[in-house]
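Heads up: the structure comes next, in structure tokens.
Just so it is clear, none of the values below were taken in a lab; they were calculated from the coordinates. These numbers come from a predicted model, not from an experiment. Don't worry about glycine lacking a Cβ; one is built from the backbone with ideal geometry, like all the others, and counts go over all protein chains shown.
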Amino acid sequence: MTRRMILKASLKRDWVSYAFIAPFFLLFLLFIVLPTVAAIGLSFTSFNAIEAPRFVGLANYQALLTQDLVFWQHAIPNTFLFAIIVGPFGYVLSFALAWLIAQLPQRIRGIYTLAMYAPSMTAGIAMSVVWLIIFSGDRIGYLNNFLLNIGYLNEPKLWTTDPKFIMKIMILVSLWASMGVGFLAMLAGIQNVDRLLYEAARIDGVRSRLQEIWYITIPAMKPQMLFGAVMAVVGTLKAGAISVELTGSNPSPNYAGHLLINHIDDYGFIRYEMGYASAISVVLLVIIYLSSKLCWKLFGSKGDE
């Protein structure tokens, strides 16, 4: 039988299964595959969103790699600093909180899970309702008011516009909102570990909770650990809105909170240099892909790749 005949027979036999996956496949094709292919294509053009794209070959990549000082001096260092701190710390924090919640009685476990997960769902609202009020640059800002009252400050500080504090505040807020779907996956993984494994481990000499976590919990939930790691990497590398929401501008003062996503937005939606912005997005895509492959090496098994 030819491949076409085999495919036709498979479609006829399993048409119900294909019907179920068709909506996801179409949406994935429409919103992931096509934009990615379009971005790669536009990265080789000069395109201002009004005139037709003009092919320029590797000129955008050449300019990005050899002439863009903001890219090398601010966007890349800030993005990696942000990702290296928020990614691993948020990942470890997600696992630690998921493990602690899993030890609670079933009747209150859902309440604490919602309390940890809610900030990731309402991060935009919380930014304006909570964090901007805390770091407000006037005397009624919570942090300024507190530090002025105890005599630590003599005058209010402009926290969200001072280059010395922007990255620190971005990291703090991002860690607070890092309990997303990766956290839920880890919690589900911990709860689904076979309890018999813990009993067998105690018979074999495991005595402490730390040993249980290292030798039983983590190996038994490697798929959830992998998913959480990939989500942490993707989430931190594609972050950028937080800088604009905190500082109210793009780019941020002295590019102190300028991330790769902000660099893309700057060229794509402020300067309307769509071809150059596409080239930056392709570089970001490569960085995310390589980081995800590293996560697969750390937490994936041979059969997963």
Per 0.36 nm of contour for each residue apart, how much would the distance between residue 16 and residue 153 grow if the chain were fully extended, relative to their Cα-Cα spacing? 42.6 nm
Counting other Cβ atoms within 10 Å, which trypsin sites (Lys or Arg not before Pro) in the stretch 41-141 have at most 15 and lie in a DSSP loop? 139
Enumerate the helices in the chain for which the Kyte-Doolittle hydropathy averages 1.0 or more and the C-alpha atoms extend at least 18 Å along the helix's axis, using complete DSSP H runs. 15-28, 76-102, 163-176, 222-237, 274-299
Leaving out same-chain residues fewer than 8 places away, which lysines sit with a Cα under 28 Å from that of residue 222? 238, 293, 297, 302
Could you tell me the convex hull volume per residue, in Å³, taken over the Cα atoms of the stretch 152-224? 146
When averaged across all projection directions, what area in nm² does the alpha-carbon convex hull of the chain cover? 24.4
Compute the separation of the alpha-carbon centres of the stretch 242-302 and the stretch 1-53 and state it in Å as a whole number. 25
